[in-house]
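Notes follow the structure.
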Amino acid sequence: MSNKKQIRKIKANIERTIQGLYTKPQEFIYEQTGGFVRPGMVYSVYYTLSKKEVYLTGITDTSNSKVIKRTKGRTMFSTYSNLKSLTRQEYPEITPVNPSESDYRIGRITRYFTQKANDRNADTFEVSKEDFNKKNNLYRYTSFRWRISGKREEVIRDNRRTIRLQEINYPGISKLLFPLQLWKPPKNSTESLQKKLLLLKFD
């Protein structure tokens, strides 16, 4: 709902304005009520610092201006703004996965990778689940399950299979992955004890 304070703020924070225009039949509706603005009413256009196009009845000095919305005859500014906002996409960022203790108890995680869509020689890199879900259309994406706990031999076997499958469509991804990546041996297993002894040796 618009109020006088908001309208004063709109008028005070503009880059430019077009004053003293006249409405055409059923060209605008009132934002507050949804009713049509009668034809021949004076209105003005305000281009705000936040790059928005706002229509208000009256002119700058009018004390009881109302926000109105255009129903037809879009301006070039609004068309361009809408296209720009629709095509603006965030680029995926390199985000190595960081498994939690809960993940290790489950034994598997989902990993997400991406590569530029128009360059099969471009680097493939790991991204977050959020970036994967946004799917910037300049990139192509893949996801897969990855074992991070369990018996060493089984983890190597399963993750090697995953790497081979991913390498078919994402050549070079094998440079980023190795079968025991992120793996933790089961507690009190031979591998776990060996790892502890190795850490103690270098303390």
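Okay, residues lined up against (1) of a type in the set (S, T, Y); (2) assigned to a strand (DSSP E or B):
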residue	(1), (2)
K5	no, no
R8	no, no
K11	no, no
I18	no, yes
G40	no, no
Y43	yes, yes
Filter result (surrounded by fewer than 18 Cβ atoms within 10 Å (Cβ to Cβ) and either touching a residue at least 40 places away in the same chain (Cβ under 8 Å) or not in a strand (DSSP E or B) (or both)) within the stretch 112-124: A117, N118, D119, R120, N121, A122, D123
Condition check: buried (at least 16 other Cβ atoms within 10 Å of the Cβ) and either assigned to a helix (DSSP H, G or I) or at pLDDT below 95 (or both). Does I109 satisfy that? no
Of all residues in the stretch 7-17, count the ones that are surrounded by 11 or more Cβ atoms within 10 Å (Cβ to Cβ) and touching a residue at least 24 places away in the same chain (Cβ under 8 Å). 6
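The values are calculated or read from the model by the stated rules, or taken from the named source; none is laboratory data. This is a predicted model, so every value here is computed, not measured. Quick reminder, even Gly has a Cβ in these numbers, built from the backbone with ideal geometry, and neighbours come from all protein chains shown.
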